[in-house]
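The structure under discussion appears below in the form of structure tokens.
The values are calculated or read from the model by the stated rules, or taken from the named source; none is laboratory data. The shown structure was predicted, so the numbers you read here are calculated from the model rather than taken from an experiment. In this analysis, Cβ positions are derived from the backbone assuming ideal geometry, glycine residues included, and neighbour counts consider all displayed protein chains.
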Amino acid sequence: MVNKQIAEATKVELDLSQDETKAINEAVNSAVNEEIKNAASATSEIKVEDIISKDNRYKVLNSDDVISTNKIGDIEVKILYEIESEEKEFKCTIKVVDTIAPIIEYDEEVVTNQDENINLFKHVSVSDNSLEEIDVKVEGEYGFNKPGTYKLEYVAEDSSGNVTRRDFTLVVKEKKVTKPSAKPSSNNGVIGKTSKGFDIKKINGVFYIDEILIVNKTYALPKNFVPKNTYESAVDVKTNCQTCIDKEAYNSWLKMKDDAASLGLGICIQSGYRPYNLQKSLYNNYVERDGKKAADTYSARAGHSDHQTGLAFDLNSINDDFTKTKEAKWVNDNAYKYGFILRFPQGKEKYTGYKYESWHLRYVGNELAEKLYNNGDWISLEEYFGITSKYSD
């Protein structure tokens, strides 16, 4: 119902003598200007008597008739009256107008990180006594790619021209450049350079390039390698993930998972850390089932698996069915924002040595992840650093 709206007379059509017409007009106009506004502000119904002032020259016969003011617009009203013992009627039009501005419910401060394009209307709602749907807009200059504090306004206007403005603050935090914690502790151990000119380091049997731990078909981990700085008792982690997921990677994963959930998308870690012997068992089973040549296209040999680093994990169904989902599309387009890369991108088999896996993520930190994302055209680690991924046998 349209509460607190005002009925105003816009025209009066009478078939009376000039004196009678003047009397009725004066009565209607006087009532409209004084009584009707008060009556309409308290209820969505008024009576005929509310728009006619008492006058000894006539008697209103339908003074108790109800006039509904629950809709904005013109309403035709019929007034029956008696003058000199003769019943007459005239029609007038009153206009119901809304004078109450919309109500905006909102957060006074919205916080996001640099380069994260959030929905500024996510926690904003607008209501109006007219029950019409009202769009809200943002006024003011801002940019998600530039850190700072922006003073902005939410603005809502109803069809009657009532406007509500509410100030709010958008805080864009500077993006932190992160690299995974699994990195060498010294500058020693340089054993050569890649084809792109990066130093290759080998420290305690582990290979690093530009402080990024590298493991593929060419570069192996020691059998006894176990990740450090791990997240114990990781929740939302299913099989093969007792401990040993890198803490920094896992914290980034939690944020990514929560952001996906806010959009109605469900992602979970299905397989995370795998020790050397577990990977050996998995690979051997695949060889027995599909043969060594086929197994080498989708499973790593023991010591050559990303999963042993604690920096990688597989999502959801771990097969091509995942590739067809909305979750896979979102992960493909957004994982880099959280420091993750698609370790085996589509069309990069000749570089990585493995077929495309939409579900396999590897944590490398925000700076490198954004470079490898390459505006949606993913680059593999092998391409970027200029290294191979080939077994020696």
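Checking each residue in segment 377-393 for being closer than 18 Å to D210 by Cα and surrounded by fewer than 18 Cβ atoms within 10 Å (Cβ to Cβ) picks out I379, E383, G386, T388. If the condition is being under 18 Å from D210 (Cα atoms) and part of a loop (DSSP other than H, G, I, E, B), then segment 332-376 contributes G339, R343, V364, G365. For N240, the criteria (1) at pLDDT 90 or above; (2) in contact with a strand residue (DSSP E or B) (Cβ under 7 Å, 6 or more places away or on another chain); (3) closer than 23 Å to K355 by Cβ hold in every case but one, which is (1).
Just one of the numbered conditions (1) in contact with a Leu (Cβ under 8 Å, 6 or more places away or on another chain); (2) of a type in the set (D, E, K, R); (3) closer than 30 Å to G148 by Cα is not true of E105: (1).
Could you look through segment 47-75, keep only residues that are among the β-branched types (V, I, T) and part of a helix (DSSP H, G or I), and pick out the one that is modelled with the highest pLDDT? Full working, then the answer.
The initial filter retains those residues of segment 47-75 that are among the β-branched types (V, I, T), namely 48, 51-52, 60, 66-67, 69, 72, 75.
Checking the rest, the ones that are also part of a helix (DSSP H, G or I) come to 48, 51.
Details: V48: 75, I51: 69.
Across segment 47-75, the extreme among qualifying residues is V48.
Count of segment 103-161 residues, restricted to those that are more than 29 Å from N70 (Cα to Cα) and either touching a Ser or Thr at 6+ places or on another chain (Cβ under 7 Å) or not polar (S, T, N, Q) (or both), is 27.
Only one of T194, T178 is closer than 17 Å to A249 by Cα and modelled with pLDDT under 95. Can you tell me which? If you could, list the steps in order and put the result at the bottom.
Details: T194 fails: closer than 17 Å to A249 by Cα.
Every option except T178 fails the conditions.
Yes or no, residue by residue, for (1) under 27 Å from V163 (Cβ atoms); (2) under 21 Å from the mean Cα position of the chain (by Cα); (3) aromatic (F, W, Y):
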site	(1), (2), (3)
L80	no, no, no
F90	no, no, yes
V110	yes, yes, no
E153	yes, yes, no
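For D393, the conditions (1) within 24 Å of N316 (Cβ to Cβ); (2) not assigned by TED's automatic domain parsing to the domain that holds D246 are fulfilled apart from (1).
Summed over segment 153-169, the residues that are part of a loop (DSSP other than H, G, I, E, B) and without any contact (Cβ under 8 Å) to a residue 40 or more places away in the chain give a count of 1. When restricted to residues that are over 25 Å from K247 (Cβ atoms), in a helix (DSSP H, G or I), within 26 Å of the chain's Cα centre (by Cα) and touching a residue at least 12 places away in the same chain (Cβ under 8 Å), segment 284-331 contains 4.
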